[in-house]
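Inspection log for the structure reproduced underneath, given as structure tokens.
The values are calculated or read from the model by the stated rules, or taken from the named source; none is laboratory data. Since the model is a prediction, treat every value here as computed from it, not as a measurement. Ideal geometry is used to build each Cβ from the backbone, glycine not excepted, and the neighbour counts take in all protein chains shown. Ligands, DNA and RNA are excluded from the accessible area calculation, which covers all protein heavy atoms including side chains. Shrake-Rupley method; radii C 1.70, N 1.55, O 1.52, S 1.80 Å.
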Amino acid sequence: MDIIVMVGQLVLGLTILVGLHELGHMLAAKWFGMRVEKYAIGFPPKIFGKKIGETEYMLGLIPLGGFVKISGMVDESMDTEALKEEPKPWEFRAKPAWQRLIVMMGGIIVNVITGIVIFIALTYNYGEQYIPADEVKYGIVANEIGQEIGFKTGDKVVAVNGKKLERFEDIRSMDALLGSNAYYTVERDGQLLDIQVPLDLMDKLADNKSESFFVEPRVPFKVGDVVANSAAAKAGLQEGDFITKVNGQGVQFFHEFQQAMQQNKGKAVTMTVDRDGKLIKLKTDVSEDGTIGFHSMPLLQLATRDYTLGESIPMGTEQAFSVIAANMKGFGKIFRGEVSASKSLSGPIGIAQIFGDTFNWYKFWTITGMLSMVLAFMNFLPIPALDGGHVVFLTYEMISGRKPSDNFLENAQKVGMVILFGLMAFAIFNDVFKLIF
């Protein structure tokens, strides 16, 4: 069931984004009087197809892309027979370069608009919930990666790149993770010290199999929902209880409780519980994965900021374009050899894992909005088989006044297809490798 939820979200997200991307190409082409032969979401074999007017609308079985076939255009179909004849007025190649440029940019523009609209809608409807930095009174918990780069449990992060930390989530900002000479300032034992962000931090995070970041807030907690028929329920644990000790060992913070559970996997433990001011001892079994069956309730006061529609527009737009900025920084680090491509790039399996095995509308639309901006960025890369490749050739034509030959465009398309298939194979193999190892 978990896999079905992951795959379902991936397919739904890609169907929306690919459909809108190709719609951008099709509408622009039709606007300029070009004949659109086929509009397809997904790749063959065909599940469904219906011809309306001059255009066949098709749904393919493989949901990893889509295409629009425009008459007289050298594209991924490699159908070049018609190019041997004189251009017809309705063909792509017969139109002025500026019109062809707009058609090729249509998909990218629609994806950018889609990403912006999604982030504006999320900002307006949900506002922004965050942990104020001064609410993290007890400092942070540093995991193995955090300790490796210099953090210690109990440190208080006070600044990122010299800027005072207002929201704890800013520790994860792209300026910190991908910026040049980035550093954190922490308070430790009453003194301030700087911790440099290593160039290979993103590689270390990619290698980290757990879902935790390298630092998390050190959080007091109480018992939330208790799972029915779980070991916790059978032991008598109740919502609202405070677990103060496990086998006599104090557990003020949730990470301490988790550590105690991991140390006692598959064993029985005695917990001391504070219930309405009374101390009670409960004996419970710990599962082999180190759990007893309840949800913790963090004792942190979250802050929420609501935005008007007018405020949401610039805020959502900024969030959307920050995705592209992060991708540019990430690619820069890959090209400079500061991070590994195999650890930083993900294919369909990796994207499905990002969606996760539970469905949440906020998370789904957040990831879909990010993917929309990523799709726009990736399609703008100057690779011949992508929109960006066509844009390069059309820009050259408009500047020089000379159109590249159909033979050149055909060969460039072939090279681009080889590059794209190679990248797709690498991404899928990389996903499988990371899944196994």
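If contacts are Cα pairs under 8 angstrom and at least 6 residues apart, what is the relative contact order of the stretch 249-289 in percent?
Across the stretch 249-289, relative contact order equals 37 percent.
Could you order peptides 120-131, 405-416 by the average number of other Cβ atoms within 10 Å of their residues, highest first?
Per-residue mean Cβ counts within 10 Å order the peptides as 120-131, 405-416.
Could the peptides 67-74, 37-44 be put in order, highest first, of the mean number of other beta-carbon atoms found within 10 Å of their residues?
Top of the packing list down: 67-74, 37-44.
Can you list residues whose amide H is under 5 Å from Gly65's amide H, if they're 5+ apart or on another chain and H is modeled 1.01 Å from N?
Gly42, Phe43
Between 0 and 90 degrees, rounded to the nearest ten: what's the tilt of helix 406-436 against the longest Cα principal axis of the chain?
The answer is roughly 20 degrees.
Roll a 1.4 Å probe over the protein chains and send me the accessible area per residue for the chain in Å².
54 Å²
Given C-alpha coordinates of the chain, what is the ratio Rg to Rh with the Kirkwood estimate of Rh?
Using only Cα positions, Rg/Rh for the chain is 1.06.
Which angle from 0 to 90°, rounded to the nearest 10, does the C-alpha axis of helix 2-31 make with the longest principal axis of the chain?
30 degrees
Please report the spacing between the Cα centers of the stretch 297-356 and the stretch 223-243 in Å, no decimals.
36 Å
Take every Cα pair under 8 Å in the chain that's 6+ residues apart, average their separations, divide by the length, and report that relative contact order as a whole percent.
The value is 18 percent.
For every helix of n ≥ 4 consecutive DSSP H residues, a contribution of -39,500 (n - 2.57) applies; sum these over the chain, divide by its total residues, and give [θ] at 222 nm rounded to the nearest 500 deg cm²/dmol.
The helix contribution divided over the chain gives -14500 deg cm²/dmol.
Give me the Å³ per residue figure for the convex hull around the C-alpha atoms of the stretch 16-127.
Given the Cα convex hull of the stretch 16-127, per-residue volume reads 120 Å³.
For the stretch 260-331, state which GluC sites (Glu not before Pro) are in a DSSP loop and have at most 13 other beta carbons lying within 10 Å of their beta carbon.
Answer in residue order: Glu288.
At what distance in angstrom do the alpha carbon centres of the stretch 1-61 and the stretch 368-396 lie from each other?
The two parts, judged by their Cα centres, are 18 Å apart.
How much of the accessible area of the stretch 1-64, probe 1.4 Å, is carbon plus sulfur, in whole percent?
Whole-percent figure for carbon plus sulfur exposure: 73.
Using only the Cα atoms of the stretch 105-241, build the gyration tensor, take square roots of its eigenvalues as a ≥ b ≥ c, and label the shape rounded, prolate or oblate: rounded if a/c is under 1.5, else prolate if a/b is larger than b/c, else oblate.
Oblate shape, in that a/c is at least 1.5 and b/c is the bigger or equal ratio.
Can you tell me which of 328-334, 193-199 comes out highest on packing, and rank the rest after it, using the mean Cβ neighbours within 10 Å?
328-334, 193-199
Which of rounded, prolate, oblate describes the stretch 198-281, given a ≥ b ≥ c as roots of the alpha-carbon gyration tensor eigenvalues and a/c under 1.5 marking rounded, otherwise prolate only if a/b is larger than b/c?
Since a/c reaches 1.5 and a/b is larger than b/c, the shape of the stretch 198-281 is classed as prolate.
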